[in-house]
Amino acid sequence: MQGKTAIITGGGSGFGREAALKLAQKGVNISVVDLSKEKGEETVQLCEELGSAAIFIQADVSKVEDVKKYVNETVGRFGKIDLFFNNAGISGSGVRTLDCSEEEFDAIVNVNLKGVFYGLKYVVTEMLKTGGGAIVNTASLGGLVGMPTLGAYSATKHAVIGLTKTIAGEYGRENIRINAIAPGTNETPMVKAFPTDAIKAMADAVPMGRLGQPHEVGNVVAFLLSDEAAYIHGAVISIDGGSAAL
Ligand SMILES: NC(=O)c1ccc[n+]([C@@H]2O[C@H](COP(=O)([O-])OP(=O)(O)OC[C@H]3O[C@@H](n4cnc5c(N)ncnc54)[C@H](O)[C@@H]3O)[C@@H](O)[C@H]2O)c1
């Protein structure tokens with residue numbers, strides 16, 4: 001993967017940062033895209049410490065002009081886009097679906113669904129000019145099953161899986177290889193802040209008896225973006241300790 005270029009949205013934290021670090025170790029140039037300048041620049045610094053060329057691009061994936069900006073700036077700096085981790089997403093305030101406000105529903109659709117669509121639209125267009133590339137979209141366990149109190153989130157993640165499968169059918173012959181990941185609950189800073197009892201209950205519900213670690217997602221993303229995964233296309237890969245199996 002040495003010398004290839006990746007765009008990672010939501011690269012300032014969590015899965016995005018872990019994937020960035022894994023790819024940086026392999027000599028990939030990284031465009032870290034995030035709303036947060038502070039977190040994004042921190043990821044860039046960590047990638048540079050691993051010897052990778054990395055840049056930060058501040059962008060809101062739900063705004064089409066920002067998406068065009070991160071695509072153009074990446075091509076301007078590195079020449080082309082080989083790999084894309086289309087990952088930025090938000091969850092929701094945790095109310096029953098009918099109690100979700102229109103504003104919150106729109107915000108979740110705008111980031112999780114339209115943001116993923118805009119990214120695909122402009123990144124795939126670039127990849128087609130240079131012979132293709134590999135893409136991973138972040139769905140969720142909630143894209144495979146319902147998630148009580150996260151209705152908008154679950155709906156958008158089901159939709160990300162639909163987009164992934166459809167684009168796989170449309171662009172596979174042009175060397176665009178695209179997959180989705182469906183992570184279960186991970187021990188992110190947000191989850192770590194929950195009461196111990198709540199964390200234990202979540203872990204007990206997982207067949208492996210524990211929550212995921214963000215680097216376990218980053219490892220799978222780096223694999224799916226590599227040539228090792230050359231014949232994996234249009235797939236949804238669960239990374240959830242077995243939760244989707246039940
Ligand atoms: N954490 C989990 O347990 C879990 C499980 C399944 C799926 N996911 C999904 O994985 C993805 C990453 O989650 P995470 O846990 O790493 O989250 P995180 O909150 O740690 O990181 C998300 C990053 O995205 C950035 N971001 C948010 N909205 C943005 C926007 N509009 N434009 C650009 N950047 C934006 C944030 O600033 C943050 O740095 C999301 O799509 C999320 O829905 C998370």
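Values quoted throughout were computed directly from the atomic coordinates according to the rules given, and no laboratory measurement underlies them. Keep in mind the model is a prediction, meaning the values are calculated, not measured. Here the Cβ positions follow ideal geometry from the backbone for every residue, glycine too, while neighbour counts run over all protein chains shown.
Summary of values
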{"read-out": "Residue within the stretch 69-83 that is closer than 22 Å to VAL217 by Cα, near the ligand (Cβ under 10 Å from one of its atoms), crowded, with 17+ Cβ neighbours inside 10 Å and under 18 Å from the mean Cα position of the chain (by Cα) present", "value": "no"}
{"read-out": "Tally of residues being outside any loop (DSSP other than H, G, I, E, B) and of a type outside the set (Lys, Arg) across the stretch 125-156", "value": "19"}
{"read-out": "Pairs with Cβ under 6 Å, 6+ apart, first in the stretch 216-243 and closer than 16 Å to ALA134 by Cβ, second small (Gly, Ala, Ser) and surrounded by fewer than 17 Cβ atoms within 10 Å (Cβ to Cβ)", "value": "HIS233/GLY172"}
{"read-out": "Residue tally, condition outside any helix (DSSP H, G or I), touching a Leu at 6+ places or on another chain (Cβ under 7 Å) and without any contact (Cβ under 8 Å) to a residue 40 or more places away in the chain, over the stretch 173-210", "value": "2"}
{"read-out": "Subset of the stretch 28-39 that is buried (at least 24 other Cβ atoms within 10 Å of the Cβ) and within 7 Å of the ligand (Cβ to nearest atom) - its residue that is farthest from GLU126 (Cα to Cα)", "value": "ASP34"}
{"read-out": "Lone unmet requirement of (1) within 10 Å of the ligand (Cβ to nearest atom); (2) over 16 Å from GLN58 (Cα atoms) for GLN25", "value": "(1)"}
